[in-house]
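The values are calculated or read from the model by the stated rules, or taken from the named source; none is laboratory data. Note that the structure is predicted; figures quoted are calculated from it, not measured. Note: ideal-geometry Cβ built from the backbone for every residue, glycine included; neighbour counts use all protein chains shown. Side chains included, ligands, DNA and RNA excluded: accessible areas come from the protein's heavy atoms. Shrake-Rupley method; radii C 1.70, N 1.55, O 1.52, S 1.80 Å.
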Amino acid sequence: MTTKFLRTLSSVASSAEINKKYEEAVTKLNTLQSNAQTLEKIRKQGGKRSEQNVPNMIKFAERVGISLDDVDKLSIIHVSGTKGKGSTCAFCESILRHQGYKTGFFSSPHLVEVRERFRIDGIPISREKFTNYFWDVLGKLEKTKKSAEDPMPAYFAFLTVMSLHVFLKEKVDVAIMEVGIGGQYDSTNLVRKPVVCGVSSLGLDHTSILGETIDKIAWHKAGIFKPGVPAFTSLQQEAALNVLQNRAKEIGCPLTIVPSLPMLDSNGDDITLGISGTMQRHNAALAVQLCKVWTDSRQKDQSQQEAPSEDDNNHQFILNHTEVKTLPTAVTEGLRQCRWDGRDQRIHKTGVSYYLDGAHTLESVQQCIEWFKTSSAEESKQISGRVIRILLFNSTGDREANVLIEPLVDCGFDAAVFCPNILFSTSNTVACTPKKDATNLTVTKESQLNRVLANMLLFERLAVKKLQQQKHEKESTQTDTSCSAAKKSKLDNDSLENGDNSQHTVCMIEDSVITKDFPCISSALTWATQGREPNTSLQSFTEVPSKLRNAEHIQILVTGSIHLVGGVIGLIGSE
């Protein structure tokens, strides 16, 4: 008994030491984040410095002891896109892992812990491995910074260099690299000889960096194309597709359009996906094609293989607009067992279900709504008592909140809750989060809270507009004396229509939807779940309106920001 106890005690002490060193590494990593003021200066410069990103990345890698020849030794699948590039990469990883290959997967952002960005055989590297690899890379960079023009890489650039270091040390068979932002000037684009490239669905995002039109964004995304390297794209808007095709011709890269994956193969067998959502069939189809090209390449003698021509590329194409050929069992299992948290994910607990999707573009929000309505309705049928629906929302960056919020207003939520991507707060003052992985120095506390209030007021205004369009509510004349003066004041000052009828409609919003803003995720969840979530704040929460009380079950849709989704998962845990 004594020996067993001592072993347990030793194990606990060892684990505590590993966790301590991991936290120290993450704290140091966070010092590489650009602060809000620096980022604002870069935005004002219109991204003029971005053209130096790739040349600088090559220098950073060389300082760590990684040459471009070393990078060439990695067998890389490189994927860009606006929506679904992470899911596409996840499908690729799962497919190839199920075929027996050792996989490396570099993704962004992380949900809970930064080590999630580095996966070996589908599993995030351990805290101990992350710590060791981190200090290896950082140490080499710091030793050479005195003689370098650009002393240290920024946060994402550092992690990209670290991913190359990890994959080379782990001797992976395949490295699946997800682009961070754009493609042309992205840190991952130091890769000069990928096996195959993919572009997932494109849309408007990161417009302050990539441009405000789809054709400008497509230009950046196509920047990962390389001469002679086969490339594939999901179905795109005509303007985006034209740019992709023109850039492919300029670069000398064969480009093929991949149609959506059907529900059945040519034998009538089901093709089931492990990630929910209608758009995932586009992502899965792209992944199947990318993996087919990669495995074909793997089976050939690389030293004798010539650069594929466009005709060769068409022979490698296994999907067409009418059917998909019978897929190997390992491929269908890879598709079926693929998991990608935070995208069309449901976590069920006693009395509450969380519907999590980090949608942050119009198209992805529309898909999210479709998935939520279908899934929540199916769940509601299994519950005998009353079910209420609550929205938990936040949006960040240069995204137009009205584009994301307007379709959500029509979902019939019983309440809408808004908060920043901050885990905890104390006395309405945002405190330092205990999990260093969630630290974000790129935005100020004040700007986050201002954005939250603006989002809530926008939701309220759109809800009022919806009420005004309903005839039976227009005809109502009774004043709701329960409407709070504070909400009236905020709405009155936010460009609402003037007049007695407008004031009356503002009051009626209390009976249509309840809105609430909070300084952190924990307090927002405590209120939304009415205390049913044991992992959130223990502080007393604001009394919920009678309209929301005594529900048998609460369904909460968390969307608008993948960082918000990650914060929620970090608090409630993942199934």
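Here is how the numbers come out for the structure above:
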item	result
Scope region 380-391; condition open to solvent by 10 Å² or more (accessible area, probe 1.4 Å), of a type outside the set (Gly, Ala, Ser) and either farther than 22 Å from HIS553 by Cβ or more than 24 Å from the chain's Cα centre (by Cα) (or both); matching residues	LYS381, GLN382, ILE383, ARG386, VAL387
Scan of region 392-410 for residues that are open to solvent by less than 10 Å² (accessible area, probe 1.4 Å) and out of contact with any Gly (no Cβ under 9 Å at 6 or more places or on another chain), ordered by number	none
Among residues of region 208-264, those that are open to solvent by 20 Å² or more (accessible area, probe 1.4 Å) and either in a helix (DSSP H, G or I) or at pLDDT below 90 (or both), counted	24
Filter result for the condition that a residue is under 30 Å from LEU261 (Cβ atoms), among the aromatic types (Phe, Trp, Tyr) and modelled with pLDDT of 95 or more, over PHE91, PHE60	PHE91
Single condition ASN189 does not satisfy, out of (1) open to solvent by 10 Å² or more (accessible area, probe 1.4 Å); (2) part of a helix (DSSP H, G or I); (3) more than 30 Å from TYR101 (Cα to Cα)	(3)
